[in-house]
1. Considering (1) in contact with a strand residue (DSSP E or B) (Cβ under 6 Å, 6 or more places away or on another chain); (2) among the β-branched types (Val, Ile, Thr); (3) in a helix (DSSP H, G or I), say which one Thr120 fails and leave the rest.
2. Can you pull out the residues in region 59-81 that are farther than 17 Å from Glu127 by Cα, of a type in the set (Gly, Ala, Ser) and either buried (at least 16 other Cβ atoms within 10 Å of the Cβ) or in contact with a Leu (Cβ under 6 Å, 6 or more places away or on another chain) (or both)?
3. Just one of Met58, Met135, Met107 is in contact with a His (Cβ under 8 Å, 6 or more places away or on another chain) and closer than 18 Å to Val40 by Cα; which is it?
4. Thr59 - would you say it is within 11 Å of the ligand (Cβ to nearest atom), hydroxyl-bearing (Ser, Thr, Tyr), free of Cβ contacts under 8 Å to residues at least 60 places away in the same chain and in contact with a strand residue (DSSP E or B) (Cβ under 9 Å, 6 or more places away or on another chain)?
5. Quick one: how many residues across region 93-109 are more than 16 Å from the ligand (Cβ to nearest atom) and buried (at least 24 other Cβ atoms within 10 Å of the Cβ)?
6. Which one is nearest to Val133 (Cα to Cα) among residues in region 71-105 that are part of a strand (DSSP E or B) and in contact with a Gly (Cβ under 9 Å, 6 or more places away or on another chain)?
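Any read-out appearing in this document is the output of simple, stated calculations on the displayed coordinates, not a laboratory observation. Only a predicted model underlies this, so the values are computations on that prediction, with no experimental measurement involved. Cβ placement follows ideal geometry from the backbone for every residue including glycine, while neighbour counts extend to all protein chains displayed.
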Amino acid sequence: MKKIVKLYGLIFVLLISNSVHASETHVVKMLNNGELGAMVFEPAFLKINSGDSIIFEMTDKGHNAVTVAGPAGSVPFDTKYKPSTTVKFDVNGLYLYKCAPHAMMAMAGIIQVSDSSNKTEMEKEIEKFEATVMMPNVKTRISDLFKENVENVSTSAVRSSGSSETIPYAAMEAAMEGCMQIMMSNRFRGL
Ligand SMILES: [Cu+2]
């Protein structure tokens, strides 16, 4: 009986921890000049939570944001030179996007939605992208961005949005596994 109470308690905590997770809206500006140099998205790297949205703002004219690569199951986006486009991100993983007319000047950005499960594929995509960059001074802009923000960062913790608490991913997984084990056990089935 105690086990059942514990189990329901655990499920309740897991449900609550997911539902307090309010989605946020972030802004990425398309600029002729920014902190990283000429023709940039700002911020060029953005970590968000699944369910969050990004407003791509064409701050300076003549830019777009188009998907180069994303995690399996994600839908490619294209802001089509509109002054402002909102894109919602529901599929976890890393996204690489570019400004089509300025890709050769390394105008691109990386978005991490919750985790970096497709890190290896993304490394290859960035390599491919940088092969098309014509300006020598920004040739490694995106791979540097990737190294700084993704490569050396642990993926075991998911940063929660706003004021909600940080729930380590590993802890959540362990809790889920515990849940499953209890449910699979004969003792539970017998009750
Ligand atoms: Cu551009």
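1. (1)
2. Within region 59-81, Ala65, Ser74 qualify.
3. Met107
4. It is true that Thr59 is within 11 Å of the ligand (Cβ to nearest atom), hydroxyl-bearing (Ser, Thr, Tyr), free of Cβ contacts under 8 Å to residues at least 60 places away in the same chain and in contact with a strand residue (DSSP E or B) (Cβ under 9 Å, 6 or more places away or on another chain).
5. Result for region 93-109: 2.
6. For region 71-105, the residue satisfying everything is Lys98.
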